[in-house]
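Since every read-out is calculated from the coordinates, none of them should be taken as a lab result. On a predicted model such as this, the values are computed, not experimentally measured, just so you know. In this analysis, Cβ positions are derived from the backbone assuming ideal geometry, glycine residues included, and neighbour counts consider all displayed protein chains.
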Amino acid sequence: MELFNDMHEKVCNLSGIKEICITSTLKTGDREISFQYRKDNTYAKGIKEEAYIRTNEDEFVIKQIEPSGDWYKCTGMMNVEEMEGRQFPAGFETVEKTAEDCCNEAIAGTGWTVTFCGVKKKRTVRIEQNCSAWDVVQQVISTYRCEIKFDSIHKGIAIYEQIGEDRGAYFMERLNLKRLQIQSNSYNFCTRLICIGKDGLMLNIGGKNYLENYQYSRKVKTCTWKDERYTDEESLREDGEAKLDELSKPYKSYTADIVNLVEAVQDEEERERYREVFDIALGDTVLLMSKSTGIRERHRIVKMYQYPQTRSKNKVELANTRLSFEEVQKTEQELS
């Protein structure tokens, strides 16, 4: 890892650090780095807030230094300063444009570019208060129901309908699953959704003004979702269906401590065989099997904690929806 000062001048290649952890989050595309170093580290004085850390894949801005005995803990956030610095004091709006067009308008002049966009639908993005280009891009993720990969070194934004794939990977107790924490609830459950757009725009599906989804239960529970950015009935229906798909089943998430069997073996032939079924990436769908809890379900990897120096500490978070628990709660507020 390389250390740069706050003027982006290289200071050194860092050494003598431990507990490096890279945290990647699917819902925002954001990444975070943390590590520890001794107080008497040769370059300790240069490791300070607003300096930069660069790895092979990312650049981070140091945001916090915490002393702990003879050690310090350093935390850095992915460097998106140019987007954060592009301000819209009166708010931001694009009407019925693609995600690429919306992002390009927001990031103009920042040095960032959209390098790929696989999302073709048009939507309206409207933020009525002061915001930054970074805020707009995060709103694009929510509004277009897309996922983004950021290249913080080359300043690139790649927009996808969905990141990751189903490679056939699985987590199984007594094999590569060490510990499993489970969260499950149906506080925000509904099976029938009334959708309302601008000026009272409503759906008309065979005379019905609502959508239904009984994938989990035949129980009828009705909620209303209103969003005045929608002026087109088809767009309102499409996004309402996606929202109801997430609300019509209990929210489930898991934190899994895993063993990376690809890294655990030395034999190259055996490692390649393991790679075929245990290689994973953010956004991938994996089969979770736990005999002790009776779980056999497919879920996506929505967060990864990677420890390059001690891979045995790696863990992932899995969920059955794109929404995090906090976002499900926000959706409940929207529907109430």
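How much of the DSSP beta bridge set in the chain is antiparallel, as a percent to the nearest 5?
Numbers: 75 of 88 bridges.
For the chain, the DSSP antiparallel bridge percentage is about 85.
Between (1) 23.1, 95; (2) 22.4, 73; (3) 21.2, 71, which entry matches Rg and Dmax of the Cα atoms in Å as derived from the coordinates of this structure?
(2)
Could you calculate the contour length gain from residue 310 to residue 116, that is, 0.36 nm times the residue separation minus the distance between their Cα atoms, to one decimal place in nm?
Between residue 310 and residue 116, full extension yields an extra 66.5 nm.
If you scale each eigenvalue of the Cα gyration tensor by 5 and take the root, what three semi-axes come out for segment 1-55, rounded to whole angstrom and sorted largest first?
Numbers: eigenvalues 92, 41, 15 Å².
They are 21, 14, 9 Å, listed from largest to smallest.
Is there a pair in 63/97; 208/249; 120/149; 155/249; 291/313; 18/63 whose C-alpha atoms are over 27 Å apart, and which pairs would that be?
In this structure, 63/97; 155/249 lie more than 27 Å apart at Cα.
Assuming R0 = 41 Å, what is the FRET efficiency of residue 126 and residue 186, from their Cβ-Cβ distance, to the nearest 0.05?
0.85
Take peptides 292-303, 137-148 and line them up by average Cβ neighbours within 10 Å, highest first, as a rough protection proxy.
137-148, 292-303
Determine the relative contact order of the chain: mean sequence separation of Cα pairs under 8 Å and six or more apart, normalised by residue count, in whole percent.
Values: 729 pairs, mean separation 54.2, N = 336.
Here the relative contact order equals 16 percent.
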